[in-house]
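First the structure, in the form of structure tokens, and then the observations on it.
None of the figures in this text is laboratory data; all of them are computed from the coordinates on show. Note that the structure is a prediction, hence the values are computed from the model and not measured. Neighbour counts are summed over all protein chains in view; Cβ atoms, including those assigned to glycine, are modelled from backbone coordinates with ideal geometry.
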Ligand SMILES: [Fe+2]
């Protein structure tokens with residue numbers, strides 16, 4: 001196949017600070033550590049010691065019930081900033097990384113956006129999410145996140161949780177979303193965005 005030209009794909013990522021993090025952290029971690037409906041994610045290239053992806057649409061999970069309202073409020077503000085009326089969370093799950101765990105390069109299907117909430121993230125740059133830059137599909141971005149942040153990016157973006165070479169534990173809560181604008185009128189930033197074009 002001859003590819004004549006590779007156009008720029010406008011694919012932003014956005015990092016925001018989850019203001020409920022300090023009040024929710026301890027309880028969410030306890031609920032996740034105690035949960036029985038989870039298992040290891042093990043494939044040829046991936047090892048994640050505990051993960052509940054198979055239950056990602058189950059709204060009866062205790063940590064889900066604790067988190068969903070404050071998270072939904074937060075994401076509504078983030079999506080309004082991006083120009084959408086509504087953020088629809090389609091599913092949500094946790095991943096706990098211990099020493100030597102890895103979730104290698106992948107993307108997420110059947111959704112527009114993917115989010116990561118860094119519930120427990122030691123101050124070690126090697127534990128931050130990495131992405132392939134969607135402008136060239138080659139260079140790597142180390143996402144400048146810290147514990148308590150929420151990162152969102154288009155779900156076609158290739159990304160990974162690189163191998164945890166530390167003895168520290170990392171827990172993330174990930175979720176897939178659609179952004180929906182139901183009104184014909186573009187939100188408040190329209191003029192600014194239009195002026196930039
Ligand atoms: Fe992912």
Between helix 21-34 and the chain: long-axis angle, C-alpha atoms, 0 to 90°, nearest 10: 50
Counting only C-alpha contacts under 8 Å and six or more residues apart, can you give the relative contact order of the stretch 10-179 as a whole percent? 32
Give the Rg (one decimal place) followed by the Dmax (whole number) of the chain, computed from C-alpha coordinates and expressed in Å. 17.5, 54
Burial ordering of 59, 182, 76, fewest other beta-carbon atoms within 10 Å first: 182, 59, 76
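So what is the calculated 222 nm ellipticity per residue for the chain, using -39500 (n - 2.57) for each DSSP H run with n of 4 or more, over all residues, to the nearest 500 deg cm²/dmol?
-7000 deg cm²/dmol
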C-alpha long axis of helix 62-82 to longest principal axis of the chain, angle in °: 20
Residue 58 and residue 25 label points (each 7 Å along its Cα→Cβ direction) are spaced in nm at 2.7
Which of 85, 142, 124 moves most in a GNM of the chain, Cα contacts under 10 Å? 124
